[in-house]
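Q: If you scroll down you'll find the structure; I have some questions about it.
The values are calculated or read from the model by the stated rules, or taken from the named source; none is laboratory data. Predicted model, so just to flag it, every value in this text is computed and none were measured. Heads up, the Cβs are rebuilt from the backbone with ideal geometry, glycines too, and the neighbour counts pull from every protein chain shown.
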Amino acid sequence: MTISTHGALSRLHKFAGVIIAPFLIVAALSGFLYALAPTFEPWIYHDEVTATAQGSPRSLDEQIAAAQRQHPDGDVVRVEPSEDPRETTRVLFGDPTAPNSSYTQAVFVDPVDLHITGELQQYGGSRALPFRTWASNGHRTLWLGEPGRLYAELAASWLGALSILGLYLWLKRKQRNKKQPSKVLALHARAGAWLLPGFLFLTVTGLTWSLVAGTSIGKVREELNWKEPSVATSVAEAGASTRAGEHSGHAGHSGHVGHAGHNGPAELAGAQTALSTARSQGLTGVLEMTPPEKPGDAWGVREARAAFKLRSDAVAVTPNGEVIDRINSADWPLAAQLTSWLIQLHMGTLFGIYSQVALAALALGLLVVSIAGLWMWWIKPRRSLPELKITPAVLAGVVAYSIIAPLFGASLLLFFLGDWFVRRLRAPQRGRGAAAGEVTPRPRGGFSSRSLSTVRNG
């Protein structure tokens, strides 16, 4: 038999939810830990990140030299000094044993007495240390490496679709059915409705890091110039851009963040001069300083992401203190600014503890909604599966979303194929049962025509 579009969507929500719920539960648990990790890390790694010596800080060149004595053969890829005298300076070395260049080995230097407070692996541009990196890997990959990113993308792509579908079904139920819903159903539906904006936010921002959809989104951002521009650290390049009048966009600059081989004294000269110049240019907080690619080029200096800080200005400063390029985040394309803020919101770093608590609460809400949905499926009697009937409008919406989230479309197609296969297997069984005179089970609480005639005849 066939059922209406409403019935088809109800069935899709139920069965797709059952399949996706385990993924959402893992994403919620790991996301809860990841959301609070920025607050936990200063406590966990207090000895490494805290400077205890009293007095005036030594020059940044001396701090870098102190770290290099720990790794004389290492390549310095970035230096992160702080304005806070209670924080250590991080000198980041390339780690050839790490899975990729996003991992670095951070040496923590007390800026006053130059003693090394510790060494830890650091990941990405958010200054994540091992605990947050571990939580991030669980959230993104289920600790399975790159193949595990497919799990996160599957969960993220279905979260938004199931949330919208659930709200539609709940509103339709309230219109058609005056019966009081069960406590579990009410909890599942109402929590999902209230948290819908948050779930959609997680879907949109989460897909930017995904393996399949994220690659496509990255290409679109690049084509539309929605990425963050980077300063030109090459003196020749900066000069050419200035003469050509193309200094504002910097579309072709890569930022020079991941370069290796910056371990020579010539390349690392002028660090303190670059730092002092950047401070005089108005850059505040922790700074991310990238050494020049070759002698004579400039240091790339950028404001690190921080709580309640919506800007990330950057300058290029030569070892002798000349500013050859500057980019203010206020001059970024609006889409690039919005993308940056949304990503920071997803990471829980934009508004500090407030955004972290909000994300943690959202993760717990997702956990409750997912478990309640599984519980309803478990206790509800199984029913025969009717044939789905989807309208052209619904089909068009599914196709459009599948273009953005290919894993959603692929998994939905597998669902329909599996459903068709199951119905094909059951059809001959029902036919043989009818031929053998089997009685079709009547609905619970109902009467068959045979039983009704028996009652009438006494």
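Q: Looking at region 34-57 only, could you name the residues that are part of a helix (DSSP H, G or I) and either more than 23 Å from the chain's Cα centre (by Cα) or of a type in the set (Val, Ile, Thr) (or both)?
A: Within region 34-57, THR39, TRP43, ILE44, HIS46, ASP47, GLU48, VAL49 meet the criteria.
Q: As an exercise: evaluate GLU267 against (1) at pLDDT below 90; (2) out of contact with any strand residue (DSSP E or B) (no Cβ under 7 Å at 6 or more places or on another chain); (3) surrounded by fewer than 17 Cβ atoms within 10 Å (Cβ to Cβ) and give the number of the one condition it does not meet.
A: Among (1) at pLDDT below 90; (2) out of contact with any strand residue (DSSP E or B) (no Cβ under 7 Å at 6 or more places or on another chain); (3) surrounded by fewer than 17 Cβ atoms within 10 Å (Cβ to Cβ), the lone unmet condition for GLU267 is (3).
Q: To continue, here is another question. Which helices (runs of 4 or more DSSP H) does region 298-417 wholly contain that include 1 or more residues that are within 30 Å of THR233 (Cβ to Cβ)?
A: Output list reads 334-347.
Q: Please pick out the residue among SER136, SER157, SER163, SER126 that is crowded, with 18+ Cβ neighbours inside 10 Å and in a loop (DSSP other than H, G, I, E, B).
A: Residue meeting the stated conditions: SER126.
Q: Would you be able to say whether some residue in region 86-95 is surrounded by fewer than 16 Cβ atoms within 10 Å (Cβ to Cβ), closer than 20 Å to GLY285 by Cα, assigned by TED's automatic domain parsing to the domain that holds ARG302 and touching a residue at least 12 places away in the same chain (Cβ under 8 Å)?
A: Yes: one or more hits.
Q: What pairs come out if I take residues in region 120-141 that are more than 18 Å from THR50 (Cα to Cα) and free of Cβ contacts under 8 Å to residues at least 12 places away in the same chain and pair them with residues that are buried (at least 18 other Cβ atoms within 10 Å of the Cβ) and among the charged types (D, E, K, R) whose C-beta lies under 9 Å away, six or more apart or interchain?
A: From residues that are more than 18 Å from THR50 (Cα to Cα) and free of Cβ contacts under 8 Å to residues at least 12 places away in the same chain, the pairs are THR141/ARG149.
Q: Also: Do we have any residue at all in region 212-224 that's among the basic types (Lys, Arg), within 17 Å of the chain's Cα centre (by Cα), buried (at least 20 other Cβ atoms within 10 Å of the Cβ) and closer than 30 Å to VAL301 by Cβ?
A: No, there is no match, as no residue in region 212-224 is among the basic types (Lys, Arg), within 17 Å of the chain's Cα centre (by Cα), buried (at least 20 other Cβ atoms within 10 Å of the Cβ) and closer than 30 Å to VAL301 by Cβ.
Q: For region 139-154: of the residues being of a type in the set (A, V, I, L, M, F, W, C) and in a helix (DSSP H, G or I), which is surrounded by the fewest Cβ atoms within 10 Å (Cβ to Cβ)?
A: The qualifying residue surrounded by the fewest Cβ atoms within 10 Å (Cβ to Cβ) is LEU150.
Q: Continuing with the same structure: Out of region 64-87, which residues are in contact with a strand residue (DSSP E or B) (Cβ under 8 Å, 6 or more places away or on another chain) and not in a strand (DSSP E or B)?
A: Those that are in contact with a strand residue (DSSP E or B) (Cβ under 8 Å, 6 or more places away or on another chain) and not in a strand (DSSP E or B): ILE64, ALA66, ALA67, GLN68, GLN70, HIS71, GLY74, ASP75, PRO81, SER82, ARG86.
Residue by residue, here is whether (1) under 29 Å from ALA410 (Cβ atoms); (2) among the β-branched types (Val, Ile, Thr); (3) modelled with pLDDT of 80 or more; (4) outside any loop (DSSP other than H, G, I, E, B) holds:
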{"residue": "HIS188", "(1), (2), (3), (4)": "yes, no, yes, yes"}
{"residue": "LEU200", "(1), (2), (3), (4)": "yes, no, yes, yes"}
{"residue": "SER210", "(1), (2), (3), (4)": "yes, no, no, no"}
{"residue": "SER230", "(1), (2), (3), (4)": "no, no, yes, no"}
{"residue": "ALA238", "(1), (2), (3), (4)": "no, no, no, yes"}
